[in-house]
Amino acid sequence: MKSLLILTGHTKGLGKAILERFLALENIRIVAVSRSILNLQDPKLTEVQLDLSDLDALESRLPALFPTGKFDKVILINNAGKIGEIKPVGKLQPKAIQGVMNLNLLAPMILTNGFVEAYSGSKSEKLICTISSGAAHKPLAGWSEYCTGKAGLAMFSKVAAEDLKEKGFRVFSLAPGIIDTEMQADIRKADPSDFPALERFAQYKSEGHLSSATEVAEKVYYLLDNPILFQEVVQDVRNFDLP
């Protein structure tokens, strides 16, 4: 059984852990897209250096991101994203708002649309998984850019699931929990006057409540390896255990 994975944001954090998990498989081809690359020498992997917040560049290179060939399973994981400005409304920068929305919301929409266009005629098992957040469903002071982008993606995933249910695609919006990554380190550097929940996020780290990227990647893999067990579009790794 030959699989294809298209993965964004693969050079650090959860994306890197997902990449490592899938590279452990034998019969797989991976196209990994990120602003920087790892220069890994693995015949299963093609790295594409691309700033996904540059939507014109993304559109021009879109066809090259979706290889043709015979695959039993094709997977898109929209993982790339950033926290954006941690500031209250009224202190945000217009260009920064645009950049975060491009990366966190518009690029995954464009990639998903391109993926469906490329593989809708395929008899492969077809899976789309967008890495979401609890912030998609819960407002947090200072996080307007991040919460809004993730909420938009969650709704987009639900609509895509409706659009595609007769075409053989499964769509998931998966919250990964709170992971010990660079993003969490960036959050802990926020100005407490801009981010009232700063102390709580500092405690997640100091009290050992952060998950490792490796264990979350294992859950991402489990969901995509067993999609029949997960009927709803919106999922959260904290709501299921590995066997």
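Where Lys and Arg each count +1 and Asp and Glu each count -1, what net charge lies around residue 148 among other residues with Cβ under 15 Å from its Cβ? Present the calculation step by step, with values, prior to reporting the outcome.
Working: positive: 82, 87, 138, 150; negative: 85, 145.
Net local charge, residue 148 excluded: +2.
So which of 16/219; 44/219; 82/150; 12/87; 44/70; 16/73 end up more than 18 Å apart, counting from Cα to Cα?
Numbers: 16/219 14 Å; 44/219 22 Å; 82/150 11 Å; 12/87 25 Å; 44/70 15 Å; 16/73 21 Å.
44/219; 12/87; 16/73, as the Cα separations exceed 18 Å there.
Relative to 2.2 N^0.38 Å, what does the C-alpha radius of gyration of the stretch 177-243 come to as a ratio? Two decimals please. Present the calculation step by step, with values, prior to reporting the outcome.
Working: Rg = 14.8 Å, N = 67, 2.2 N^0.38 = 10.9 Å.
Rounded to two decimals, the normalised Rg is 1.36.
Given a Förster radius of 41 Å and the C-beta distance between residue 212 and residue 55 as r, what FRET efficiency does 1/(1 + (r/R0)^6) yield to the nearest 0.05?
0.80
Rank 32, 96, 154 by mean-square fluctuation in a GNM of the chain with C-alpha springs under 10 angstrom and give only the top-ranked residue.
96
Using a Förster radius of 35 Å, what is the FRET efficiency between residue 110 and residue 193 based on their Cβ-Cβ separation? Nearest 0.05, please.
Using R0 = 35 Å, I get an efficiency of 0.45.
Rounded if a/c is under 1.5, else prolate if a/b beats b/c, else oblate: with a ≥ b ≥ c from the C-alpha gyration tensor eigenvalues square-rooted, which is the stretch 1-80? Walk me through the numbers on the way to the answer.
Numbers: a/c = 1.89, a/b = 1.26, b/c = 1.50.
Oblate.
In the Gaussian network model of the chain, springs joining C-alpha atoms below 10 Å, which of 168, 90, 114 carries the largest mean-square fluctuation?
Most flexible of the set in this elastic network: 90.
What are the semi-axes of the equivalent ellipsoid for the stretch 1-143, taken as the square roots of 5 times the Cα gyration tensor eigenvalues, largest first, in whole Å? Numbers along the way, then the final one.
Details: eigenvalues 164, 50, 43 Å².
Sorted largest first and rounded, they come to 29, 16, 15 Å.
If I compute solvent accessible area with a 1.4 Å probe over the protein chains, what percent of it on the stretch 1-105 is carbon and sulfur? Numbers along the way, then the final one.
Details: 2560 of 5190 Å².
Of all accessible area on the stretch 1-105, carbon and sulfur atoms account for 49 percent.
Please give the residues of the stretch 156-193, grouped as numeric ranges, whose backbone N is less than 13 Å from a label point set 7 Å along the Cα-to-Cβ vector of residue 236.
Hits in the stretch 156-193 for residue 236 at 13 Å: 174-178.
Taking a probe of 1.4 Å, how large is the accessible area per residue of the chain, in Å²?
Working: 12000 Å² over 243 residues.
Value for the chain: 49 Å² per residue.
Only loop residues by DSSP count here, and only those with at most 15 other Cβ atoms within 10 Å; note down the trypsin sites (Lys or Arg not before Pro) in the stretch 50-126 that meet that.
Working: sites: 61, 70, 73, 82, 91, 95, 123, 126; in loops: 70, 82, 91, 123.
Answer by residue number: 70, 91, 123.
Based on the Cβ-Cβ distance from residue 26 to residue 46, what FRET efficiency comes out when R0 is 22 Å, to the nearest 0.05? Write out the running numbers ahead of the final one.
Details: r = 17 Å, r/R0 = 0.78.
Computed FRET efficiency for residue 26 and residue 46 comes out at 0.80.
Which peptide among 1-12, 187-198 comes first, and what is the full order, when sorted by highest mean count of other Cβ atoms within 10 Å?
1-12, 187-198
Highest GNM mean-square fluctuation, the chain, Cα pairs closer than 10 Å: which of 55, 103, 174?
55
Can you compute the charge dipole magnitude of the chain about its Cα centre, using +1 on each Lys and Arg Cβ and -1 on each Asp and Glu Cβ, nothing else charged? Give it in debye, rounded to the nearest 20.
Details: 28 positive and 29 negative charges, 36 e Å.
Rounded to the nearest 20 debye, it is 180 debye.
The values are calculated or read from the model by the stated rules, or taken from the named source; none is laboratory data. The model shown is predicted, which means the values in this text are computed figures rather than measured ones. All Cβ positions, even for glycine, are placed from backbone atoms using ideal geometry, and neighbour counts span all protein chains on display. Protein only, heavy atoms only, side chains kept; ligands, DNA and RNA dropped before computing areas. Shrake-Rupley method; radii C 1.70, N 1.55, O 1.52, S 1.80 Å.
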